[in-house]
Number of protein chains: 2
Amino acid sequence: MSISVINLKEKCLKINELHSYKVVAQMNDYYFKLVKVNREFVWHSHNNTDEVFILIDGYLRIELRDKALTLKPGEMLVIPKGVEHRTISPQVSTVLLIEPMDTVNTGDADGSLTDNSLEWI
Amino acid sequence: MSISVINLKEKCLKINELHSYKVVAQMNDYYFKLVKVNREFVWHSHNNTDEVFILIDGYLRIELRDKALTLKPGEMLVIPKGVEHRTISPQVSTVLLIEPMDTVNTGDADGSLTDNSLEWI
């Protein structure tokens, strides 16, 4: 793969659909994935990995079993492995996720919201 | 460690010195490190890992042996393992680095610019 600059805002403009994870970069066995979201997600956890959220635009609420956190653009959060969480995005928001390549978005919950398409943009 | 939101701009305000790497987050065995830079760095490579640069503010030139790239705020770059590179920041710039916890900033070059302090902020 060529070594080239990745402009995150420009990548966002290429995403025309909600809830479809787009890979923008790879670091070792990790993917950097952009996704536009506007939904209430399922409760789930990832039992083998931490997961990083960086909010690019919009507003994201992340609920844990004992508290809720909100992310604004330029803020990030690490969900440790095994910690149950769900995201709620009342408006269209763009999230940069960083996690191992084989991480499934719905973790241990699986179900109809699982997305394995992982197209590169 | 508590699960809490990390505001990257607020973290930047806590950094009062140049060229000192500050850890802001950990994901598995990776660190997210902020550093303010204003210098020409040494040529080096990391032989065991890719390295991610995300520019938070300022301007960063990254030279490879066969080309040069520039990063503006909101842009990122993955330097693959083993690829020689050096950074040049003609103005004070803030970079978010993502790499394994044991990664040394000067890679295989070592020398006077090596920084192993890695304070958490």
Taking θ = phi - 60°, what integer Hz values does the Karplus form 6.51 cos²θ - 1.76 cosθ + 1.60 yield along the range A:39-56, in sequence order, with x for Gly and Pro? 6, 9, 8, 7, 5, 6, 9, 10, 7, 10, 7, 6, 9, 10, 10, 10, 8, 8
Once phi for every residue in the range B:111-119 is put through the Karplus expression 6.51 cos²θ - 1.76 cosθ + 1.60 (θ = phi - 60°), the whole-Hz ³J(HN,Hα) values, with Gly and Pro written as x, are x, 5, 8, 5, 10, 10, 6, 6, 6
Quick one: label points 7 angstrom along Cα→Cβ at B:Leu118, distances to the other copies in nm, smallest first? 2.8
Using a 1.4 Å probe and ignoring any ligands, DNA or RNA, find the accessible area of B:Lys81 and quote it in Å² to the nearest 10. 120 Å²
Mind checking the mean number of beta-carbon atoms from other chains within 10 Å of the Cβ atoms in A:8-16? 1
Nearest 100 Å², what total accessible surface is buried between chain B and chain A (probe 1.4 Å)? 2700 Å²
With a cut-off of 16 Å, note down the residues of the range A:19-48 whose backbone N falls inside the zone around a label point 7 Å from the Cα of A:Gln91 toward its beta carbon. A:36-39
For a quick check of understanding: with a 1.4 angstrom probe and all protein chains in place, what accessible area in square angstrom does B:Tyr21 have, to the nearest ten? 20 Å²
Karplus (6.51, -1.76, 1.60) ³J(HN,Hα), θ = phi - 60°, over the range A:17-33, in Hz, Gly and Pro reported as x: 10, 7, 6, 10, 7, 10, 7, 10, 6, 10, 10, 6, 9, 10, 10, 9, 10
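Past the 21 Å Cα-Cα mark, which pairs from A:Lys36/B:Lys11; B:Lys11/B:Lys36; B:Lys9/B:Lys67; A:Lys36/A:Lys72? Each step should come with its number before you reach the end.
Numbers: A:Lys36/B:Lys11 26 Å; B:Lys11/B:Lys36 11 Å; B:Lys9/B:Lys67 30 Å; A:Lys36/A:Lys72 14 Å.
Cα-Cα > 21 Å for A:Lys36/B:Lys11; B:Lys9/B:Lys67; rest within.
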Calculated from DSSP helices alone, with each H run of at least 4 adding -39500 (n - 2.57) and the total divided by the residues of chain A, [θ]222 nm to the nearest 500 comes to -1000 deg cm²/dmol
Any idea of the accessible area per residue across the protein assembly as shown, 1.4 Å probe, to the nearest Å²? 45 Å²
Per-residue SASA entry for B:Thr70, accessible area with 1.4 Å probe, Å² rounded to 10: 60 Å²
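The values are calculated or read from the model by the stated rules, or taken from the named source; none is laboratory data. Remember, predicted model here, so these are calculated numbers, not experimental data. All Cβ positions, glycine included, derive from the backbone under ideal geometry; neighbour counts span all protein chains shown. Accessible surface is based on the protein model in full, side chains and every heavy atom, while ligands, DNA and RNA are left aside. Shrake-Rupley method; radii C 1.70, N 1.55, O 1.52, S 1.80 Å.
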